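Just so it is clear, none of the values below were taken in a lab; they were calculated from the coordinates. This one's a predicted model, so the numbers in the text were calculated from it and none came from an experiment.
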Amino acid sequence: MNIALIPQYHENMPRHQAEDIARKALQRLDLAHIANKRNPSLTDEERFCVFLLRAVMVKNALVIIDRPFKIIPHLKDSAFIFQALKKIDDFYITCHIYDYQWMAEKYGEI
């Protein structure tokens, strides 16, 4: 429920309300089952999604993802990343992904 901390502290939102928002956001990513897990228990994909949700929990979020394949190195391409972003695209204004030029093949045609 680390995700719920963001609206709690940035918007002074009651804990139960912030946790409800976090649970609904996890559900959108089909990750409701990880709501009470700690970071070491998460898979790389789950961890990436939690990082992403934490980033979008502020109003008018501008998301910057720096070298996502360092977090989820076993992915063959960026499909998972873009699917996750699409599922929550109403949570943020814009997203920029920064990576090395030699990783371009993982992104394909954008």
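Convex hull volume of the Cα atoms in the stretch 1-49, per residue, in Å³?
Numbers: hull volume 3.4 nm³, N = 49.
Expressed per residue, the convex hull around the Cα atoms of the stretch 1-49 is 70 Å³.
Measuring from the lowest to the highest alpha carbon on each principal axis, how far does the chain reach, largest first, in angstroms?
Cα extents, longest axis first: 45, 30, 18 Å.
List the residues whose amide H sits under 5 Å from the amide H of Ile97, counting only those 5 or more places along or on another chain, with H placed 1.01 Å from N in the peptide plane.
Amide H to amide H, under 5 Å and 5 or more residues apart or across chains, Ile97 pairs with Ile65.
Quick one, can you get me the convex hull of the C-alpha atoms of the stretch 60-110 expressed as volume per residue in Å³?
80
Could you tell me the distance between the Cα centroids of the stretch 24-70 and the stretch 91-106, to the nearest Å?
About 16 Å separates the Cα centre of the stretch 24-70 from the one of the stretch 91-106.
Taking θ = phi - 60°, what integer Hz values does the Karplus form 6.51 cos²θ - 1.76 cosθ + 1.60 yield along the stretch 89-95, in sequence order, with x for Gly and Pro?
Result, rounded to whole Hz: 5, 7, 8, 9, 7, 8, 9.
Which lysines, on any chain, are close to Lys37 with Cα under 29 Å apart, when same-chain ones fewer than 8 places away are left out?
Reachable lysines: Lys24, Lys59, Lys70, Lys76, Lys86, Lys87.
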